[in-house]
Amino acid sequence: MSFKDPVCGKRIHRGKAHITIEYEGVNYFLCCPQCQAQFERSPKSYAKPELGEKARKIQHYPIKQQN
């Protein structure tokens, strides 16, 4: 599945993104360090839910240690 980098508009496959950033419950896939820096400076300018993927909640279960 591919997504659009919200900064430069480049299409990116989920597994080939430079980094994935979660912002307000949405994962955004960014292609390079420059796009990452721009997104982090001003996420509200670039964050559009339709360009990302809804972040999944992961349940954590405590591990019981045996004595």
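Output the qualifying pairs, or none if there are none: Cβ atoms under 7 angstrom, residues six or more apart or on different chains, first residue in region 37-51 and surrounded by fewer than 16 Cβ atoms within 10 Å (Cβ to Cβ), second residue of a type outside the set (F, W, Y).
Pairs that qualify, where the first residue is surrounded by fewer than 16 Cβ atoms within 10 Å (Cβ to Cβ) and the partner is of a type outside the set (F, W, Y), are K48/P6; P49/V26.
When region 20-34 is examined, which residues are found to be in contact with a Pro (Cβ under 8 Å, 6 or more places away or on another chain) and farther than 12 Å from A55 by Cβ?
If the condition is that a residue be in contact with a Pro (Cβ under 8 Å, 6 or more places away or on another chain) and farther than 12 Å from A55 by Cβ, then L30 is the only one that fits.
I'd like the residue in region 10-36 that is in contact with a Leu (Cβ under 8 Å, 6 or more places away or on another chain) and not in a strand (DSSP E or B) and, out of all such residues, is surrounded by the fewest Cβ atoms within 10 Å (Cβ to Cβ).
Residue satisfying both the conditions and the ranking: H18.
Determine which single condition G25 fails, assuming it passes every other condition in (1) on the phi > 0 side of the Ramachandran plot; (2) modelled with pLDDT of 95 or more.
G25 satisfies every listed condition except (2).
Being of a type in the set (A, V, I, L, M) and not in a loop (DSSP other than H, G, I, E, B) is the filter; apply it to region 37-51 and report the residue that is nearest to S2 (Cα to Cα).
L51
Among (1) among the hydrophobic types (A, V, I, L, M, F, W, C); (2) in contact (Cβ under 8 Å) with a residue 24 or more places away in the chain; (3) not in a loop (DSSP other than H, G, I, E, B), which single condition is V7 missing?
For V7, the exception is condition (3).
The values are calculated or read from the model by the stated rules, or taken from the named source; none is laboratory data. Predicted, not measured: the structure shown is a model, and the values here were computed from it. When we count neighbours, we look across all protein chains shown, and the Cβ atoms used for this are built from the backbone with ideal geometry, even at glycine.
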